[in-house]
Amino acid sequence: SQQGEEDPQALSIQEGENATMNCSYKTSINNLQWYRQNSGRGLVHLILIRSNEREKHSGRLRVTLDTSKKSSSLLITASRAADTASYFCATSPGITDKLIFGTGTRLQVFP
Amino acid sequence: EPEVTQTPSHQVTQMGQEVILRCVPISNHLYFYWYRQILGQKVEFLVSFYNNEISEKSEIFDDQFSVERPDGSNFTLKIRSTKLEDSAMYFCASSSVLQNEKLFFGSGTQLSVL
């Protein structure tokens, strides 16, 4: 089974619109994180939500976590062209320090 | 802002050759990682390193792979005899003791095995 599946795989929106990306996972987790990757670059940590949290905000980012459904969503409000990137969820599945990354959502924001 | 530095940015090698990928983690970080991303696929965990030893490794990290922290600043990944399927972007990451869950990634080394 695969841990960390995002949907949609690709998302195109206009500047100013909101972008919502979803992530599902299969095993129990300690925390779930979202990372961003610009084309050809490394991953940048955006936000972390712990298994006992339901919602978290950071600037224009809002993350929710539903452990009963094993799913998370990332909302980017008032998107900008500079938000164009791939977004990955990553889970920390327990007594381990590795992250398991999802398949990613490619977000394109048109000016 | 401190960052993780990786060299080289691109590495081309012949199958069967040894390669060493180099990383300089953020200076006060104590947890170090290697991940890789084959083109179009997921980012995959390879190995984690703490207190001068491997703390966890994946099934990808077989006997052909090794890691080393040769001095106080560098963290290297060696592939002894490269295979075609080792072609990927290799990312180094580090994290601090206080926030070890938050990883800081380098820009990666694109390894091409011919």
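The values are calculated or read from the model by the stated rules, or taken from the named source; none is laboratory data. What you are looking at is a predicted structure, and each value in this text was computed from that prediction instead of being measured. FYI the Cβ positions are ideal-geometry reconstructions off the backbone, even for glycines, and counts take in every protein chain you see. Keep in mind that these areas ignore ligands, DNA and RNA; they rest on the heavy atoms of the full protein, side chains included. Shrake-Rupley method; radii C 1.70, N 1.55, O 1.52, S 1.80 Å.
Quick look at the values:
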| quantity | calculated |
| --- | --- |
| The protein assembly as shown, accessible surface, carbon-and-sulfur percent (1.4 angstrom probe) | 46 percent |
| Evaluated at q = 0.14 Å⁻¹: base-10 log I(q)/I(0), Debye formula over Cα of the protein assembly as shown | -0.88 |
| Assigned charges on the beta-carbon of Lys, Arg, Asp, Glu; region A:1-106 dipole about Cα centre (debye) | 200 debye |
| For A:84-92, mean number of other protein chain Cβ atoms within 10 Å | 1 |
| Spread of Cα-to-Cα distances over 10 Å intervals beginning at zero, given as percent, for region B:47-91 | 23, 57, 20, 1 |
| Scaled radius of gyration (Cα, divided by 2.2 N^0.38 Å) that region A:5-110 gives | 1.01 |
| Per residue value of the accessible surface for the protein assembly as shown (all protein chains in place, 1.4 Å probe), Å² | 50 Å² |
